[in-house]
Amino acid sequence: MRFTADDRGFYGDFGGAFIPEMLYANVEELRSRYLEIIEDQDFQNEFRGLLKDYVGRPSPLYLAKRLSQKYQTSIYLKREDLNHTGAHKINNTIGQILLAQRLGKSRIIAETGAGQHGVATATVCALMGIQCIVYMGEVDIARQAPNVSRMQMLGAEVRPALSGSRTLKDATNEAIRDWINNPVDTHYIIGSVVGPHPYPDMVARFQSVISEEIRWQLKEQTGSEDPDLIIACVGGGSNAAGAYYHYLDNDNIRLIAVEAAGLGVDSGESAATSVLGSKGIIHGSRTLLMQTPDGQIIEPYSLSAGLDYPGIGPMHAHLIDSGRAEAVSITDDEALEAAFECAKLEGIIPALESAHAFAALEKIEYGSDDIIVLNLSGRGDKDLETYIKHLTGDGKD
Ligand SMILES: *Cc1c(COP(=O)(O)O)cnc(C)c1O
């Protein structure tokens with residue numbers, strides 16, 4: 001079976017570009033040019049150069065000895081938390097800003113929920129001296145003040161989305177409206193493997209540097225480039241897509257996709273899309289999403305802002321639907337426990353999103369001879385307040 005996009009952007013039953021006519025010109029320009037641009041040697045040289053000298057790649061692949069001992073197996077951590085801006089998101093925004101330049105765009109828009117993608121976008125716009133407008137729900141602006149300040153310090157304009165629930169989906173609507181009104185000079189940087197074709201494929205290609213590095217790093221350390229399992233958390237699915245990418249066609253390697261169960265899969269406060277979702281269209285893509293019987297999007301919930309998304313990228317919908325990937329759901333509390341365990345055993349404070357991937361170690365079966373690669377998608381500085389509350393028991397019961 002094929003797990004990357006076909007030339008119309010489909011992954012089996014999922015994907016495609018289901019867009020209003022008014023967006024057609026923008027998306028079609030991107031679709032018809034993206035491969036030629038990113039496969040160009042000049043582009044690759046500049047992309048690779050920035051990943052090395054600006055982002056700090058390759059990120060280390062680290063054998064976590066004390067964690068391995070506890071779980072009686074070999075666990076390697078792919079340290080995306082050590083990238084500039086503290087997560088994997090910068091791999092994609094670097095790629096897209098270089099693409100935007102080659103498309104002759106002078107203005108960048110983005111949407112952000114927790115602000116992480118907004119910061120990664122504002123960062124590359126500052127780097128290139130390009131105007132940056134980030135749409136963010138008014139509620140999120142209040143909740144995520146430090147990231148709003150970061151974006152502003154980086155020279156971006158943060159525009160509040162005032163409609164609906166004033167969160168991520170409303171910010172996305174505002175960004176799409178802006179793009180329709182500014183089709184010529186503006187590029188829309190989407191932050192995950194979601195949205196209409198070619199975004200899921202394009203973002204997966206930019207993030208695939210993660211598994212490209214895992215291959216030679218694992219070979220250097222173990223003699224084989226193949227792990228037995230790869231574990232990654234899935235919000236939209238970009239860090240997981242990057243960690244899986246070069247291993248998709250090797251069925252011997254188990255792919256574990258970890259979703260946020262929030263307060264519990266059956267609690268009504270969850271973001272476990274692959275369990276609770278059904279086929280539908282969200283943000284221009286046919287995929288699994290959480291929806292009411294009449295097709296309205298259900299607000300997701302997770303303590304972790306990066307996993308709080310009502311859909312899942314079409315590649316992951318296909319991987320899970322076809323049985324190629326195994327989905328695991330992890331609650332807020334399980335993720336918090338895992339974050340503390342990682343901090344105490346390895347001296348690494350993971351992002352709350354990444355902590356969901358750690359918590360999966362308790363939920364899945366594996367052998368003592370197995371080699372597990374766990375994608376540590378980001379660092380936990382941004383979640384410190386949440387962690388401290390947990391430590392002091394605040395906000396519990
Ligand atoms: C945004 C984010 C995620 C979730 O996004 P994906 O596209 O699913 O990777 C996961 N981890 C961290 C640290 C993030 O910032």
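Taking the numbered list (1) away from the ligand (no atom under 16 Å from the Cβ); (2) closer than 22 Å to MET153 by Cα; (3) not in a helix (DSSP H, G or I) in turn, ILE97 passes all entries but (3).
Here is the figure for the range 40-65: residues that are among the charged types (D, E, K, R), surrounded by 14 or more Cβ atoms within 10 Å (Cβ to Cβ) and not in a loop (DSSP other than H, G, I, E, B) total 1. Reported count of residues in the range 95-146, each being under 15 Å from THR167 (Cβ atoms) and of a type outside the set (S, T, N, Q), is 16. In the range 149-166, is there at least one residue being under 18 Å from the mean Cα position of the chain (by Cα) and either part of a helix (DSSP H, G or I) or surrounded by fewer than 17 Cβ atoms within 10 Å (Cβ to Cβ) (or both)? No, the range 149-166 contains no residue that is under 18 Å from the mean Cα position of the chain (by Cα) and either part of a helix (DSSP H, G or I) or surrounded by fewer than 17 Cβ atoms within 10 Å (Cβ to Cβ) (or both).
Scanning the range 167-212 for residues that are surrounded by 20 or more Cβ atoms within 10 Å (Cβ to Cβ) and of a type in the set (D, E, K, R), we see that the one that is nearest to PRO300 (Cα to Cα) is LYS169.
Has the range 31-39 got any residue that is assigned to a loop (DSSP other than H, G, I, E, B) and without any contact (Cβ under 8 Å) to a residue 24 or more places away in the chain?
Our first condition is that a residue be assigned to a loop (DSSP other than H, G, I, E, B); within the range 31-39, this holds for 39.
Within this subset, residues satisfying the condition of being without any contact (Cβ under 8 Å) to a residue 24 or more places away in the chain are 39.
There is at least one residue in the range 31-39 that is assigned to a loop (DSSP other than H, G, I, E, B) and without any contact (Cβ under 8 Å) to a residue 24 or more places away in the chain.
When residues in the range 278-306 are screened for being over 18 Å from GLY9 (Cα atoms) and either in contact with a Phe, Trp or Tyr (Cβ under 7 Å, 6 or more places away or on another chain) or away from the ligand (no atom under 16 Å from the Cβ) (or both), 11 of them pass. Could you tell me whether any residue of the range 115-133 is buried (at least 23 other Cβ atoms within 10 Å of the Cβ), in contact with a Pro (Cβ under 9 Å, 6 or more places away or on another chain) and part of a helix (DSSP H, G or I)? No, that holds for no residue.
In the range 238-261, the qualifying residues are those that are more than 9 Å from the ligand (Cβ to nearest atom) and either within 19 Å of PRO198 (Cβ to Cβ) or of a type in the set (Lys, Arg) (or both), and the one that is surrounded by the most Cβ atoms within 10 Å (Cβ to Cβ) is TYR244.
Residues in the range 340-397 that are away from the ligand (no atom under 16 Å from the Cβ), of a type in the set (Val, Ile, Thr) and touching a strand residue (DSSP E or B) at 6+ places or on another chain (Cβ under 8 Å): ILE364, ILE371, ILE372.
Among the residues of the range 292-304, those identified as within 17 Å of GLU334 (Cβ to Cβ) and among the small types (Gly, Ala, Ser) are SER302, SER304. When the range 127-143 is filtered for residues that are within 19 Å of ILE190 (Cβ to Cβ) and either β-branched (Val, Ile, Thr) or out of contact with any strand residue (DSSP E or B) (no Cβ under 7 Å at 6 or more places or on another chain) (or both), the ones remaining, listed by number, are LEU127, MET128, ILE130, ILE133, VAL134, ASP140.
Each reported figure results from applying straightforward, stated rules to the coordinates on display, with no laboratory input. Computed from a predicted model, the values in this text were never measured in an experiment. No Cβ is skipped: glycine too gets one built from the backbone with ideal geometry, and neighbour counts run over all protein chains shown.
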